[in-house]
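Bear in mind that the values in this text are calculations on the coordinates, not laboratory data. From a predicted model like this one, the values you see are computed outputs, not experimental measurements. Neighbour counts are summed over all protein chains in view; Cβ atoms, including those assigned to glycine, are modelled from backbone coordinates with ideal geometry.
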Amino acid sequence: MARAIEVAWKGEGCTGTNPLVGAVLVKDDVELSSGAYSRFGGEHAEVKALRGKDAESGTLYTTLEPCVYHGKTPPCTDIILESGLKRVVVGMEDPNPRIKGRGNALLTKRGLEVVVGVCEDEVALLNPAYLLGIKKGRTAVTLKVAVSLDGRIAAADGSSQWITSGEARLDGKALRNRHHALLVGAGTVVADNPLLERSAHPDLPWYRVVIDRQGRIPSTSHIFGARDLLWWGDKSQDVPPSAERIEPEDLSDLLVLLRERGIQSLLVEGGKLGAALLERGLVDRLVAYVAPVLLGSRGLGFSPSTWATLEDGARLRDLSIKKVGVDVRIEGVL
């Protein structure tokens, strides 16, 4: 199963609202093949691992319960039943209501030995956005911030370039490759005039979601030259044809709307916007790049000003800590 998990990561950033899945075919204690679900609408991991292989009496290890309905591709249970496998080891049951337990039950009914729940905690780490989307019906949110040692995202005069090192900034931009869309506020666009590009998967949709409810961003900004641009802003503001207007009721509704458009994971860059999401409990993961610099108590923070007690605050769990250049990256789940 550890090998199947390793293989599954090949699809990171490319599976749309579908999960990462890896599969490994083993026979006589020898790995014959493996497969990953690596592109939205493409062949499933189990199909890749089994196609053209002599699987008679073998064992298939798959990180997620095989699908049992015809979507963009035929059910994986079909090829498993045709393959002659004797045993299927499943990392975790798929919580998707269209599958939940049905795939495992069908295979068992047809005489295969099915073992479920192997390395389940590790498998769940493959798909936090997928699992959250099914549970809460919205896009999963990662907030990225660059802060000083005393928790400031800008000095008292508003200057913020650059708090962190070049290595940390490159690492932060690479986070975009792990997500399906990027959300920024008007302040970020006005201050930096960015293109908001990502370095991987150029052939896949990469949504830029911009909030400008006061019409602050000039129409000459670089962002208007980007494709897949979703705009939540002042209705009276003229925006180029490249931008598609969206009109959610609030931030919560925005995340539901994005999920309905097939956006499973969202990266947020921006202090004030991040604070608004934190205050509403809408941040699922935080990635903070902490620089060895102090900016003083008058500097700008990124956490909600309404928090006053320890109980108000948010504590990270499942921490990952890594040195990046002279800075430290702290990543955790909220």
Just for the Cα atoms in the range 127-241, what are the lengths along the principal axes, largest first, rounded to whole Å? 39, 36, 28
HN-Hα J in Hz across the range 88-105 - Karplus 6.51, -1.76, 1.60, θ = phi - 60°, x for Gly and Pro: 10, 10, 10, x, 8, 5, 7, x, 4, x, 6, 10, 1, x, 6, x, 4, 5
Fraction of the pair-distance distribution of the range 290-331 above 10 Å, Cα-Cα pairs, percent: 79
At q = 0.10 Å⁻¹, what is the log10 ratio I(q)/I(0) for the range 138-333, with the Debye formula run over Cα points and no solvent? -0.41
Exceeding the 23 Å Cα-Cα cut-off - candidates 272/323; 10/173; 136/235; 173/235; 48/86; 48/72: 272/323; 136/235; 173/235
If I take R0 = 45 Å and measure r between the Cβ atoms of residue 30 and residue 238 in this structure, what FRET efficiency does the formula 1/(1 + (r/R0)^6) give, to the nearest 0.05? 0.10
Taking amide H atoms as placed 1.01 Å from N in the peptide plane, list the residues 5 or more away in sequence, or in a different chain, whose amide H sits under 5 Å from that of residue 64. 22, 91, 92
Rg over Rh [alpha-carbon atoms, Kirkwood Rh] for the range 181-282: 0.92
Net charge near residue 168, counting Lys/Arg +1 and Asp/Glu -1 over other residues with Cβ under 11 Å of its Cβ? +3
Three-way shape label, the range 149-217, alpha-carbon gyration tensor, a/c 1.5: oblate
Could you list the residues of the range 239-267 with an amide nitrogen less than 11 Å from a label point located 7 Å from the Cα of residue 190 in the Cα-to-C-beta direction? none
Per DSSP H run of n ≥ 4, the term is -39500 (n - 2.57); total these for the chain, divide by its residue number, and report the mean residue ellipticity at 222 nm rounded to 500 deg cm²/dmol. -6000 deg cm²/dmol
What does the charge count near residue 255 come to, summing +1 for each Lys or Arg and -1 for each Asp or Glu among other residues with Cβ under 9 Å from its Cβ? +2
What is the local net charge at residue 245, summed over the other residues whose Cβ is closer than 15 Å to its Cβ (Lys, Arg +1; Asp, Glu -1)? -4
Which value in Å is the Kirkwood Rh of the range 2-126 over different Cα pairs? 14.0
Sorted from largest to smallest, which semi-axis lengths in Å does the alpha carbon gyration tensor of the range 25-96 give for its equivalent ellipsoid, taking the root of 5 times each eigenvalue? 19, 13, 12
Derived scalar couplings ³J(HN,Hα) [the range 123-128; Karplus, 6.51 cos²θ - 1.76 cosθ + 1.60; whole Hz; x for Gly, Pro]: 5, 4, 5, 5, 9, x
Quick one: Karplus J couplings for the range 23-33, per residue in order, coefficients 6.51, -1.76, 1.60, θ = phi - 60°, nearest Hz, x for Gly and Pro? 9, 9, 9, 10, 9, 6, 6, 10, 6, 8, 6
